[in-house]
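Here the structure is laid out as structure tokens; the discussion comes afterwards.
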Amino acid sequence: MLKKLLTAVLAFSMCFACLASCSDDGASESSDIESNEQEESMIESNVESTTESDATDESSKEESVEESGNEVSDSDESSKDDESSADESSKEDESSKEDETSKEDETSKEDETSKEDETSKPDDGDTEINNKEYWGFDDYNTVNIVGSPAEVTSCPTTIKKVSNSKYSMTSETDMGTVTITLEERPWGCFNLWSWTLKDKSGKTHTFAPGGTDFEYVHIPVTPKGTNVWSGGNHGNEAFVSLDIYNAETGEKIDLAVGQSVTANSIHVIEKTKLMWFPDDNGDSIGDYNNKSMSYTDADVYAHMTRKYTFTGPQIKLNVDYKYVQDVKMHRSYTCMMPIDKKYGLWCEMYNEKGEMLKRIETLKVGAADYSGPSNGGNKACRALVYGYVDSRYQFDVRVTTIQDSLNNYNGDFNTAFWDMNTSQNKLYFTRFSNSTVQNIKAGDEHHTEAIWLLKFDPDAKTPEVQEPEYEEVEDFKCTGTLASLNKSYKLSGQLQSGAFQYTALLTDGKAHDTLTSDNNWFTFVNSANYTGAQSNTENGIGYAIIDLGKTTNISGVRVHICNGKADWGILTPSEATVWVSDDGVNFKKAATLTIADDPEAIYWTGANLSNVSARYVKFQFKPNGMFCFLNELEVYSK
């Protein structure tokens, strides 16, 4: 009993030390790295101990978990010791009661030997990790990356089942409250979604708002010979199961909606199947895109096990690929990091030797049409990402399995930092090339490991931001006389007005020069992105057909338009064109209007026409993303 009490006291001391070091690890490269490395070696030793006791019966496993348990308090451990002692007493062989000092059942020597191994490790500060039954593969071919921060191995983390389609992981750190979400996609898989911080002053920092991938995305060749997206936010992945465990004890955690549990580290084990359904509608989402759909074994090319480890400000993800069919694979992203440009404008690339290969800077406001540079080809296994709002908040992202995650840099894309759009950038670690096909055989396995760490560097300095330069936008002026004032018009879609509160009239002669959230503006809502009652486009195209009342010699056309406002989700329209017709049914193109480069410009764009006669004039717009904003259309006559 004295030995067990000493073990419990030591375990409690270990837990207290881990809690104290959590914020140090998560906020910066800890000065107590040696202590964390020691803790990692303790965990590895515990895994070995667990493996040795694999042959024991189920009741002894349960008893072993009770003895190691969740390290809560001295009184709790003493209580558990009493219970454990009572259990041992009840299991004694009656014929050996005379030997009060040993209290061992001769028929359970193997079990007791295993327990003795566990209790003989207090000098190493060890605690049991009984995760063998759910963990599966655990022999990752990792490399030590020089200069990378110590791995966070213990930090109180609360997992909550917010709904049947959402889990949140919350932790208190020196930075403030960190919240990470895991959310269900329409096809049933749970993916990493958002990452936020509420700092000590109460300000919320949204690093990743959700909407794109962290885990992986692949481009296999289907049996019909076509390329298709698979995994991540691109569908073609079937959900199998999701289970939650206390990462220290291996104890399974079952949660009802609204319930939560706190542990020093949380494992979420998700099993899925990757598939190669075609993408017949060309939206980059495989046609297995709803969990109510059915599939056969012939549609599946790999069985997947994701092993998330949530520890305060850190996520560790181990992924096991088991291919069940031969597959030809193009580019495969094995780890990603989408980030708001405010917190991820710069990216420093490092190799395993700790050498900085490059510092990439993207535009503060990138291209709205996703045409920004990918900045790929870097032979880097680690990246440090930070932004211009407060560069002390940094994401340290690394893949430790260079062979299985990066194919030893034998691809053409390798590690990239894409200037994705007006408001977000995205980091990629890539396994294969897009220009060549990699043959994978049924029975092959790949095992990857990635770590995302949010940290705070109090000494970080914000570099000077590269501000894009745009040509000054001049309003277009038409020749002739305004012929469209107060004329009637017909709009695309069933709504027959602007969407939401943006319902400005388009021929009333009022062109407001400041973007406001009211009916001074008119908006088209892209039906490709939104299918609700406010959608007023057709097949992603918005138009307004003005009836001039009679056939008119047209000298010019123009539109007063707002290119965008990224914070509002308004992006520069992809295209604006003008068409004319005599009957309102059959139209021919008369002009393509120039769209200015400045992503937030408000201006008149138009064209002068010659030899054009028509009664009906159609202004047609292709939104980029969700919205297209304008507030006046004009037609001029000779």
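Values computed for the structure shown
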{"quantity": "Placed amide H near residue 360: partners under 5 Å, 5+ positions off or other chain", "calculated": "347, 348, 349"}
{"quantity": "Two-site FRET efficiency, residue 477 against residue 255, from Cβ-Cβ distance with R₀ of 51 Å, rounded to 0.05", "calculated": "0.20"}
{"quantity": "For residue 194, residues with placed amide H under 5 Å, excluding near neighbours", "calculated": "181"}
{"quantity": "Karplus-derived HN-Hα couplings along the stretch 458-464 (A = 6.51, B = -1.76, C = 1.60, θ = phi - 60°), whole Hz, x at Gly and Pro", "calculated": "x, 9, 5, 10, 7, x, 5"}
{"quantity": "Reciprocal mean inverse distance between Cα atoms of the stretch 137-205 - Kirkwood radius, Å", "calculated": "14.6 Å"}
{"quantity": "Magnitude of the charge dipole, the stretch 325-432, Cβ model with Lys/Arg +1 and Asp/Glu -1, debye to 20", "calculated": "80 debye"}
{"quantity": "In the stretch 426-471, the GluC sites (Glu not before Pro) that fall in loop regions by DSSP, at most 12 other Cβ within 10 Å", "calculated": "464, 469, 471"}
{"quantity": "Nearest-20 debye value, the stretch 540-638 charge dipole, Cβ charges on Lys, Arg, Asp, Glu", "calculated": "400 debye"}
{"quantity": "Test item: Cα-centred dipole of the stretch 220-310, Lys/Arg +1 and Asp/Glu -1 on Cβ, debye", "calculated": "140 debye"}
{"quantity": "Local electrostatic count, residue 579, Cβ distance below 10 Å [Lys/Arg +1, Asp/Glu -1]", "calculated": "+3"}
{"quantity": "Listed peptides 192-203, 313-324, 554-565 by packing density, highest first (mean Cβ within 10 Å)", "calculated": "554-565, 313-324, 192-203"}
{"quantity": "Calculated Rg and Dmax of the stretch 399-506 using C-alpha coordinates, Å", "calculated": "26.4, 74"}
{"quantity": "Karplus (6.51, -1.76, 1.60) ³J(HN,Hα), θ = phi - 60°, over the stretch 220-225, in Hz, Gly and Pro reported as x", "calculated": "x, 9, 6, x, 8, x"}
{"quantity": "Principal axis box of the stretch 149-264, alpha-carbon based, largest edge first, Å", "calculated": "54, 32, 31"}
{"quantity": "Charge sum, other residues only, whose C-beta stays under 9 Å from residue 270's C-beta, Lys/Arg counted +1 and Asp/Glu -1", "calculated": "+2"}
{"quantity": "Calculated from backbone phi, Karplus (6.51, -1.76, 1.60) coupling profile of the stretch 401-408 in Hz, x at Gly/Pro", "calculated": "9, 5, 5, 7, 8, 10, 6, 6"}
{"quantity": "Lys pairs, the stretch 321-432 - Cα-Cα below 27 angstrom, 8 or more residues apart or on other chains", "calculated": "18"}
{"quantity": "Spatially close lysines, pair count over the stretch 448-561: Cα under 27 Å, gap of eight or more or interchain", "calculated": "9"}
{"quantity": "Distance in nm between pseudo-label sites at residue 516 and residue 539 (7 Å out along the Cβ direction from Cα)", "calculated": "3.8 nm"}
{"quantity": "Estimated FRET transfer efficiency when R0 is 35 angstrom, pair residue 441-residue 469 (beta carbons, to 0.05)", "calculated": "0.10"}
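Only the coordinates and a few stated rules stand behind these numbers; no lab work does. Predicted model, so just to flag it, every value in this text is computed and none were measured. Ideal geometry is used to build each Cβ from the backbone, glycine not excepted, and the neighbour counts take in all protein chains shown.
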